[in-house]
1. Counting only protein heavy atoms, what percent of the accessible surface of the chain is carbon or sulfur at a 1.4 Å probe?
2. Stretch Leu754-Arg363 to full length: gain in nm at 0.36 nm per residue minus the Cα-Cα span?
3. What's the FRET efficiency of Glu233 with Ser797 using the Cβ-Cβ distance as r and R₀ = 25 Å, to the nearest 0.05?
4. Give me the accessible area per residue for the chain, probe 1.4 Å, as a whole number in Å².
5. Can you give the net charge of the other residues whose Cβ lies under 12 Å from the Cβ of Ser632, counting K and R as +1 and D and E as -1?
6. Please identify the helices of the chain, taking whole runs of DSSP H, that span at least 27 Å along their own axis as judged from the Cα atoms and have a mean Kyte-Doolittle score of 0.0 or higher.
7. Karplus couplings for region 136-147 from phi (6.51 cos²θ - 1.76 cosθ + 1.60, θ = phi - 60°), rounded to Hz, Gly and Pro as x?
8. Once you place label points 7 Å from the Cα toward the Cβ at Ser424 and Thr391, how far apart are they in nm?
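The values are calculated or read from the model by the stated rules, or taken from the named source; none is laboratory data. Remember, predicted model here, so these are calculated numbers, not experimental data. Quick reminder, even Gly has a Cβ in these numbers, built from the backbone with ideal geometry, and neighbours come from all protein chains shown. Protein only, heavy atoms only, side chains kept; ligands, DNA and RNA dropped before computing areas. Shrake-Rupley method; radii C 1.70, N 1.55, O 1.52, S 1.80 Å.
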Amino acid sequence: MMYLPHISLRFLALFFAWGLLGAAVPARAQEPANVPSAAGAPVTVPGAAVPTPAPAPATQIRQIRVEGNQRLEAGTVQSYLLLGPGDVFDPARVDLSIKTLFATGLFADVTISQDDATLVVAVVENPIINRVIFENNRALKEDKLRDEVEAQPRAIFTRARVQADVQRIVSLYRQAGRFAATVSPKVAEQPQNRVDLIFEISEGPVTAVRRINFVGNLVYTDAELRRVVATKESRWFKFLTSNDNYDPDRLEFDREQLREFYGEKGYADFRVVSSVAELTPDQKDFFITFTVDEGIKYKFGEPTVESKLDAIDADILKAFVGIKPGSLYKNQRIENTVDALTFAAGASGYAFVDVSAQRNRNRETRTVDVNFVVNEGPRVYVERVDVIGNTQTLDRVIRREVQIVEGDAFNRVLLDRSRNLIRSLGFFKDVEITEKPGSKPDRAIVEVKVEEQPTGELSLGVGFSSVNSFLLDISVTQRNFRGRGQFLRFAISASSRQQQIDVRFTEPRFLGRNLSAGVEAFNVRSDFIREAGFRTNSLGGSVRLGFPTTASSRLFLRYTARSDKITAPEVLATDVFGNIVFDADGNAVTTCSASLQICSQLGRRLTSLIGFTLIWDKRNDPIAPTRGFNVSFDQELAGLGGDVRYVRSSLSGDVYRGIIKNFVLSAHANAGYITGWGGKDVRINDRFFKGGLTFRGFDIAGLGPRIVALQDDGNGGTIDVGRDALGGKAFAIGSLELSFPTGLPEQFGIKGALYTEWGTVGLLDAADKFVANPEQLAVRDSLALRGSAGVSLFWDSPFGPVRFDFSDILKRKDYDDVSHFRFSQVTRF
């Protein structure tokens, strides 16, 4: 804050003049004044005072003149002043006006002066940032630095903001383990009051963790505790991780990890006394020392529940307590019980219930008695629902899955169901629903926080079979088209087995109701010459409708019209003498070279069918379930017009059960049956073909009814050599799978699963079992059980999920086609 010199001097001179005058008058008031006499001689009058001159009148401001402004209008500057035309020039208000102008951050300097009746405001504007440049940054990417600093192009340049950004950059480097990093800001002036802001960075060496020591640990060794904490000791081979750099925030996380570890081992008294990080003199490494107090190991005593809720009795709540007396003390079990009791209270309409766990330790018996006190809270209602984090998905797409609206009574069960519904959309990486206090004690704000994830998929499937065939499938899918929740799929598949064009579109809220509607058009050419000796060309489309029947079930209806053409390899027809046969036009006649079962079904047929699918889903999580089940029943009726008549039914189900942390046991079963009606047999392209991803260990169409060639085994018998697969009218497949962590760091995203699958495919119509030359060919139609076992690896790679299946055949038929390895991948965008 500055005043012009002549105004300052004038003001100070006047101020001191008045002060000196006021101080002198009382002193001289006691002196006798000399009054001239009639004869001209002075006469002294006791007690007379010298008269005080009248004060000068205050100057009134007539106009305001702004000087030095370049980008800002004069009116903008005047709007921040606390005095204007017509006001009296007041130094106090001038001082406040200067402070207000500085507080805007728009000015580097401000002075206010008075020129007679004109108030002169002289400003020096802060420059505009033209560019923000980072130099010598190698360890941290420029995008990460830009996200951290507040200085941005076209923003106002201030020294305070630059210094704050310097500290932010230094903090980033310290988190990356570079404590010797320094940042020097520089400014390069540009025309029109613009500047280039340059951050010169000296990153310095990486400050590693040389050693992690523990003091006071008697039960667990240093090596065991080092595996618990997130911070790791530096080693030359740990170049893929940054956890071997010192980070103060990570050190606090390590303290919590130690408390959780000991808390799960029964040590209720455990505490971390101190955690000290000492920097070596060369500033290259840290020594970290944790001092701990382990205490003694406890077991659970008798848990009790004390309820202060009017509508819920303590005996009812005790059923939600998952603690058994005599079991090892674990903090996680207490937290799980608190969550369960909170959920039970929320299901009855109570929000913000305070469930406290009172731990009473008995060091003599080494037991901990836990008393859960459930305090009563008021019945609350939803004031509003806030949705945050949806950068792509529209608000209404999320809100329509939330089962409560503004004004409803708070219900935690409905919120939990809402979370599962939002997660089942598949649009979000994470979904959190929390409640916050509203404007009144009986109001709550529901906050739905989502984290978007890629919803587009570029699917790539690659496989290797037992006969070295190579498969490649590509499709593009967008499950959240334009953020509206719409499903759009355009698939072009080109492989040695199949060429496919498939376009699908689904509107999940047709006509604004909880009704999904979709259309599909497809053209599929499949080559099963190697597996079954025929090709198909299907051209058609379908329409679909879906709606919920209960809170956990949904029904889908569909109509499909499809034209199917079956072809087979052909050869030139010959007469009994081996001569080529010609028709009346002189063209060579061809004939089907496939088996009788295939040749009898050549030609084009029109299929017109209606169908439905009923889904009942009771899983606790639609993405990664650990308990619950889901069941699906599907049925189709073909024959409402067209040339094909059949009824096809299928049933599938899955059951999930979490065993221990990250270990999930699941059972899967599916079965189906198809039969013709109206005197029609089931065509080969409508039967069930299993193998590949539907039965691991067997190739596509690798098991089930098949035409076999009979070869002499040299001992008077024959052996079956598999030829064309015929598919089956019935199938049943069951599998048991145990998913488990691989022990690799979580950031690698690699999980595994052990599995075993058992099942069968079979049943043919009588006409399909006939062969013209039974001495050379036969049809094998056996419902014999097949089985396989193996391991699957799942890798959440940067390019999308990748799956590897390694299989060993436990039971098979000689003519089955097996595949011991399969690989598939999906790339998301």
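1. On the way: 24530 of 44300 Å².
Result for the chain: 55 percent of the exposed heavy-atom area is carbon or sulfur.
2. Values: separation 391, 0.36 × 391 = 140.76 nm, distance 4.42 nm.
My answer for the length gained is 136.3 nm.
3. Values: r = 28 Å, r/R0 = 1.14.
Once the sixth-power term is evaluated, E becomes 0.30.
4. Value returned for the chain: 53 Å² of accessible area per residue.
5. Numbers: positive: Arg554; negative: Asp617, Asp634, Asp654.
Combined, the nearby Lys, Arg, Asp and Glu give -2.
6. Working: long enough: 5-28 (34 Å, 1.13).
Helix filter hits for the chain: 5-28.
7. Ordered by residue, 3J(HN,Hα) equals 6, 8, 10, 6, 10, 6, 5, 4, 5, 5, 5, 5 Hz.
8. Between Ser424 and Thr391, the label points sit 2.8 nm apart.
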